[in-house]
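Input: a single structure, listed below in structure tokens.
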Amino acid sequence: MSRHLTHIKTTAEDHQVAKLAAIAITLHMVEALIPSPLPGVKPGIANIVTLYVLTQYGFATAAWVSILRVFASSLLLGQFLSPTFLLSLNGALLSLAVLWLASHLPKRYFSVISLSILAAFGHIAGQLIMVRLWLIPHAGISYLVPIFAASALFFGILNGLVTAKLLQQKNTNDSELDKKRASNS
């Protein structure tokens, strides 16, 4: 009996994206250990990776990393198909929808910080919609909107600033590497 092995060719970019997805999953796992003052209020530090991937590799790759993070993290945390998983998935999907819409608008109006804020609002809106429609079908949920909106704004700004700093550092490192290559030629 012969075995046919299929060899999948991967690129350096594939490896880089896999590393970034692993970082996002790790950050999500670390964040799960942080106690929350209110259910659903988390810093969303894994979203820094999604924003970074969005700016460096485009929307499709960022969506892949974000969805992979949600599924892998839920499996590792034992939350797959639980309400927590569905809230996280719904938040990620609405956040990605907002980022997709923003990517079709003039880029000069959207820095990585404003994209982070929009994504944070999309994420929390997705979760609150799911809570209202499925878990707690009561209008009283609307009383929580200002608290969640304030946390989305705060963490959206914070994550956007961190992402901007990472991108600035990457651009500086790339410029220095280009100068070294030019001087060695």
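No value in this document is a laboratory result; all are computed from the given coordinates. These numbers were taken from a predicted model, which means no experiment stands behind them. Cβ placement follows ideal geometry from the backbone for every residue including glycine, while neighbour counts extend to all protein chains displayed.
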query = Restricted to the range 150-185, and to residues that are of a type in the set (Gly, Ala, Ser) and either under 22 Å from Thr50 (Cβ atoms) or in contact with a helix residue (DSSP H, G or I) (Cβ under 9 Å, 6 or more places away or on another chain) (or both), which residue is surrounded by the fewest Cβ atoms within 10 Å (Cβ to Cβ)?
reply = Ala150
note = In the set Lys19, Lys42, the lone residue that is among the basic types (Lys, Arg), surrounded by 14 or more Cβ atoms within 10 Å (Cβ to Cβ) and at negative phi is Lys42
inquiry  = If a residue must be part of a helix (DSSP H, G or I) and either among the β-branched types (Val, Ile, Thr) or within 19 Å of Lys170 (Cβ to Cβ) (or both), how many such residues does the range 16-58 contain?
reply    = 25
request  = Please state which of the following conditions Gln79 fails to meet, knowing it meets all the rest: (1) in a helix (DSSP H, G or I); (2) within 16 Å of Gly40 (Cβ to Cβ); (3) without any contact (Cβ under 8 Å) to a residue 60 or more places away in the chain.
outcome  = (1)
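Results for (1) in contact (Cβ under 8 Å) with a residue 60 or more places away in the chain; (2) aromatic (Phe, Trp, Tyr); (3) assigned to a helix (DSSP H, G or I); (4) in contact with a helix residue (DSSP H, G or I) (Cβ under 7 Å, 6 or more places away or on another chain), shown as yes or no for each residue.
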residue: Leu86; (1), (2), (3), (4): no, no, yes, yes
residue: Ser95; (1), (2), (3), (4): no, no, yes, yes
residue: Leu99; (1), (2), (3), (4): no, no, yes, yes
residue: Leu105; (1), (2), (3), (4): no, no, no, no
residue: Leu115; (1), (2), (3), (4): yes, no, yes, yes
residue: Ala119; (1), (2), (3), (4): yes, no, yes, yes
message = Looking at the structure I just gave you, is Arg108 over 19 Å from Glu13 (Cβ atoms) and basic (Lys, Arg)?
response = yes
query = Does Phe85 meet the test of being among the aromatic types (Phe, Trp, Tyr), closer than 19 Å to Ile25 by Cβ and buried (at least 17 other Cβ atoms within 10 Å of the Cβ)?
reply = yes
task = From the list Ile147, Ile141, pick out the single residue that is touching a helix residue (DSSP H, G or I) at 6+ places or on another chain (Cβ under 6 Å), surrounded by fewer than 18 Cβ atoms within 10 Å (Cβ to Cβ) and assigned to a helix (DSSP H, G or I).
result = Ile141
